[in-house]
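S.K.: The structure that follows is given in the form of structure tokens.
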Amino acid sequence: MKVAALSRSPAFTRHLRQALPTAPVVADRYPGCAQELILLLHLPSLTGDERKQLAVRARQCRLVACSDRPEVGEMLELMALGVRAYANSFMTAEHYAQMLQVVGQGQLWLPPALQREAFDLARRSLRGDSGGLSLDGLTGREAEIARAVAEGLSNREIADRCGISERTVKAHLSSIFRKLGIRDRKALLAGLRAA
């Protein structure tokens, strides 16, 4: 099993060389691909054109997408393109060994926490539950701010519209995230679009 990596990140390259028993060849552009090659892609290093080539490259070799901040939406998009594994860029050597073994056997490998999240999404979809967020539990001001986020306004723009400080907008957003059980603005947008 040959392993190579596409990375423009010195930190990721250094981590790979420490985490893998045999240091992979690291390139700053796509290397030649063959079916026996496992190609680790540092997603933040990829250009827009390189991302567009993922589906084609996935037919040529076994792609492993490494993200500094893995999340289920990105994982599902990449798996649909033919990526064989989705991983945290800086996971442990043990996880890299497990992942490389599974991918080397022609199987898919996904982080357990993201697998659970994907199964939960699928289960809700089968039940007809859109997973959309309800603003019912928010105060009037919080609901107003949540809707402004859905419009694509920045914190500064929301502050100007509502006549409050940007710091107050951030405080409201923290409260909104906590009440809705979400982590960030991206999850708020996704949940409001699904509602």
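The values are calculated or read from the model by the stated rules, or taken from the named source; none is laboratory data. Just so it is clear, the structure is predicted and the values come from calculations on it, not from any experiment. Cβ atoms come from the backbone with ideal geometry, glycine included; neighbour counts cover every protein chain shown.
S.K.: Working only within the range 173-195, note down all residues that are in a loop (DSSP other than H, G, I, E, B) and within 18 Å of the chain's Cα centre (by Cα).
M.R.: 182, 183, 184
S.K.: Name the residue, out of 55, 34, that is in the same structural domain as residue 14 (by TED's automatic domain parsing) and within 19 Å of the chain's Cα centre (by Cα).
M.R.: 55
S.K.: Given the options 16, 41, 6, name the one that is surrounded by 12 or more Cβ atoms within 10 Å (Cβ to Cβ), in contact with a helix residue (DSSP H, G or I) (Cβ under 9 Å, 6 or more places away or on another chain) and farther than 15 Å from residue 99 by Cα.
M.R.: That would be 6, the only listed residue that is surrounded by 12 or more Cβ atoms within 10 Å (Cβ to Cβ), in contact with a helix residue (DSSP H, G or I) (Cβ under 9 Å, 6 or more places away or on another chain) and farther than 15 Å from residue 99 by Cα.
S.K.: Sticking with this structure for a sec: Scan the range 45-55 and tell me whether some residue there is surrounded by 18 or more Cβ atoms within 10 Å (Cβ to Cβ), in contact with a strand residue (DSSP E or B) (Cβ under 6 Å, 6 or more places away or on another chain) and not β-branched (Val, Ile, Thr).
M.R.: Taking every residue of the range 45-55 in turn, none turns out to be surrounded by 18 or more Cβ atoms within 10 Å (Cβ to Cβ), in contact with a strand residue (DSSP E or B) (Cβ under 6 Å, 6 or more places away or on another chain) and not β-branched (Val, Ile, Thr).
S.K.: Also: For the subset of the range 98-131 comprising residues that are modelled with pLDDT under 90 and of a type in the set (S, T, N, Q), which member is surrounded by the most Cβ atoms within 10 Å (Cβ to Cβ)?
M.R.: By that ranking, first place goes to 115.
S.K.: Could I ask something else about it? What is the one condition in (1) at pLDDT 90 or above; (2) surrounded by fewer than 17 Cβ atoms within 10 Å (Cβ to Cβ) that residue 73 does not satisfy?
M.R.: (1)
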